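To start, the structure under review is shown below, and the notes come after it.
Derivation of every value follows stated rules applied to the coordinates shown; laboratory data play no part. Just so it is clear, the structure is predicted and the values come from calculations on it, not from any experiment. All Cβ positions, even for glycine, are placed from backbone atoms using ideal geometry, and neighbour counts span all protein chains on display.
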Amino acid sequence: MDIIKSIPEILEKSKAEFKEIKAGKKHVFDKEIILNPNQRDDTIKNKLYICDNIKAMKDLLDRGYSSKLDLICIDPPFFTKANYSHRVEISDGLKKHVIKPFAYEDTWKNGFIEYLEMITLRLFLMKELLSQRGTIYVHLDSKAVHYVKIIMDYIFGRNRFLNEIIWSYKSGGTGKRSFSRKHDNILVYTKTDSYIFNPQKEKSYNRGLKPYRFKDVKEYEDEVGWYTLVNLKDVWDINMVGRTSSERVGYATQKPEKLLERIILSSTDESSIVADFFTGSGTLASVCENNNRRWIISDMGKVSEVVIRKRLSNKIQSNYEVLSTENDSYSSVELDTNYDENKSIVNIILRKYSIDLEKIELGLEDKEIINTILLNNSLNLIEYIGIGYKDKEGSFIIIKEISRNTKKLNIEENILVSISNLENEMIYLKTIDIIGNITLKKIF
């Protein structure tokens, strides 16, 4: 089928579906609230959705977020026709192993048309959420960017196209019958002509790396040579997240924080709300935390949830809520408890962790590794723990978070929790393992 000829049909079909979604019933979510004990402000400003991003955007519209987001930055699938995994290091107590659980798929049963339909419907929803000062960045590569630009010209208007940013990097393979592919494309559109834009600066090295000594031109020198500061160009040379990078979380398509920071600082103010509806490893939320921006992120992957929760728990983060729609549990945890003399502190002692491997989709080799660890050091499979209580509305309020030690590859087995202010509350423990299985257990 001729793809160009199909685009008008894709647009009309997606527009009709968009109207149906807006008029449809509200979605019901299981709700959790993660409270940072170091955060004095108890307001919940940020959101993590674990569901199809259509449900997330519909919920935001129902909550009054139409025209409220100053920045939407998405990194959707690229139509690579491949599946992606998450690299996890685990220990059986004697040696280290690596497994690669499924993260997400970029395969399309009905081909490129289905892929474009997926993106087009979501772009209609995103435009509805974008504020009058808002900007949207859509991260793609050469396989789809030209078709998506035509679609965005229709949805946002050709006159609202701001830039095509070329993200250039060193990583990747070399080409034997073509030039080596070393860049991605980022399409930038605005909602109106009154958009937020804060010009960022970059180094521009002088010819010969020597000083010009022009009047009224500030010059600087570093280990390379002399340079001036100029407004940022539309070709960005930023390294990918390398194997030894401190920000690496093992997610296959993780993007560098420097890339997201440049976008966020350019197109938002501190009062802005920023969103990513294909969040993957949660880089956008992490960068927003560093730069005092409110954030909303979503992903439907089980692996994404555990990666994001761990990533945010390892930094001083603001309070946020988790809204999810599915919670199949194929795991369980055994534990004991004891208390101090005043019964104000409970000591939770983890004993054993179990997974029903028959119901888990994993490669044979990965299953064998996990089975060995289940027999010898089962607690090493737990990636994240949240401890808290349920409020009157049934929301799970997490007051303490613990994540697996990335060097020792284990989780705390003895956990002390202050319960002096929770006399009448039932306490629960939530575990998420390295492949995203969730268990919620009542402690007392």
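Once you have the Cα-Cα distance between W108 and T406, take 0.36 nm times their residue separation minus that, and quote the gain in nm to one decimal.
Between W108 and T406, full extension yields 103.8 nm more.
Got a sec? Which residues in region 136-173 would a label at E202 touch, if it sits 7 Å along Cα→Cβ and we count backbone N under 11 Å?
Residues passing the 11 Å test: 165-169.
Among bridges DSSP assigns within the chain, what percent are antiparallel (round to 5)? Each step should come with its number before you reach the end.
Numbers: 67 of 93 bridges.
Rounded to the nearest five, the antiparallel share is 70 percent.
Work out the charge dipole of the chain with +1 on the Cβ of Lys and Arg and -1 on the Cβ of Asp and Glu about the Cα centre, then indicate which of H146, N405, G208 is farthest towards its positive end.
Value computed over the given set: G208.
Dividing the convex hull volume of the Cα atoms of region 324-428 by its residue count, what figure in Å³ per residue is obtained? Display every interim value, and only then the final one.
Values: hull volume 13.4 nm³, N = 105.
Spread over its residues, the Cα hull of region 324-428 gives 127 Å³ apiece.
Per the Kirkwood definition applied to all pairs of different Cα atoms, how many angstroms is the hydrodynamic radius of region 109-213?
16.4
Which percentage, to the nearest 5, of the DSSP beta bridges contained in region 10-142 is antiparallel?
DSSP beta bridges in region 10-142 are roughly 60 percent antiparallel.
Could you go through region 312-319 in sequence order and give the Karplus-derived ³J(HN,Hα) for each residue, using 6.51 cos²θ - 1.76 cosθ + 1.60 with θ = phi - 60°, rounded to whole Hz, and x for Gly and Pro?
Per-residue couplings from phi come out as 6, 5, 8, 9, 6, 10, 6, 5 Hz.
For the chain, what D do you get in µm² per second when you plug the Kirkwood radius from alpha-carbon pairs into Stokes-Einstein at 10 °C and 1.306 mPa s? List each step's numbers first, then the result.
Working: Rh = 24.0 Å.
In µm²/s, the coefficient is 66.
HN-Hα J couplings of region 234-239 from phi, Karplus 6.51/-1.76/1.60, θ = phi - 60°, integer Hz, Gly and Pro as x?
Karplus values, whole Hz, x for Gly and Pro: 8, 10, 10, 9, 10, 5.
With r as the distance between the Cβ atoms of F444 and V98 and R0 = 45 Å, compute the FRET efficiency 1/(1 + (r/R0)^6) and round to 0.05.
Once rounded, the FRET efficiency stands at 0.75.
Using 1/(1 + (r/R0)^6) with R0 = 22 angstrom and r between the beta carbons of N421 and N327, what's the FRET efficiency to the nearest 0.05?
0.20
Could you check the simple spin-label distance between D153 and K5, using points 7 Å along Cα→Cβ, in nm with one decimal?
Computed distance between label sites D153 and K5 equals 2.0 nm.
Within 10 Å of each candidate Cβ there may be at most 16 other Cβ atoms; applying that plus a DSSP loop requirement, which GluC sites (Glu not before Pro) in region 389-444 survive?
Within region 389-444, the qualifying GluC sites (Glu not before Pro) (loop, at most 16 other Cβ atoms within 10 Å) are E393, E412, E413, E423, E425.
Build a GNM of the chain with springs between Cα atoms under 10 Å: which of M300, M126, M118 gets the top mean-square fluctuation?
Fluctuation is largest for M118.
What is the dipole size for the chain, taken about its Cα centre, with +1 at each Lys and Arg Cβ and -1 at each Asp and Glu Cβ, in debye to the nearest 20?
1280
Round to the nearest 10 and give me the degree value, 0 to 90, for the angle of helix 145-156's Cα axis relative to the longest principal axis of the chain.
The helix 145-156 is inclined about 90 degrees to the chain.
Would you please name the trypsin sites (Lys or Arg not before Pro) within region 337-444 that are DSSP coil residues with at most 13 other C-beta atoms within 10 Å of their C-beta?
K343, K392, K407, K408
Give the relative contact order (percent, whole number) for the chain; include only Cα pairs under 8 Å separated by 6+ residues.
Over the chain, the number comes to 20 percent.
Tell me which residues come under 5 Å, amide H to amide H, from W226 once H is placed; ignore anything under 5 positions away on its chain.
N206, K210
Counting other Cβ atoms within 10 Å of each Cβ, which GluC sites (Glu not before Pro) in region 220-321 have at most 12 and sit in a DSSP loop?
When the GluC sites (Glu not before Pro) of region 220-321 are filtered for loop state and at most 12 Cβ neighbours within 10 Å, E223, E270 remain.
Under a crude label model (7 Å from the Cα following the beta-carbon direction), how far is D193 from S178 in nanometres?
3.9
What are the ³J(HN,Hα) values, in whole Hz, obtained from phi via the Karplus relation 6.51 cos²θ - 1.76 cosθ + 1.60 with θ = phi - 60°, for each residue of region 222-232 in sequence order, with x given for Gly and Pro?
10, 5, 7, x, 8, 8, 10, 9, 10, 4, 4
With everything on Cα atoms, drop me the angle between helix 257-267 and the longest principal axis of the chain, reported from 0 to 90° to the nearest 10.
Between the helix axis and the principal axis of the chain, the angle is about 60 degrees.
Add -39500 (n - 2.57) for each DSSP H run of 4 or more in the chain, then divide by its residues: what number comes out at 222 nm, to the nearest 500 deg cm²/dmol? If you can, show how the numbers build up before the last one.
Values: 8 runs with 106 residues, N = 444.
The per-residue figure over the chain is -7500 deg cm²/dmol.
Return the long-range amide H neighbours of K390 (sequence gap of 5 or more, or a different chain), with a cut-off of under 5 Å between placed amide H atoms.
Close amide H contacts, sequence-distant or interchain: I397, M426.
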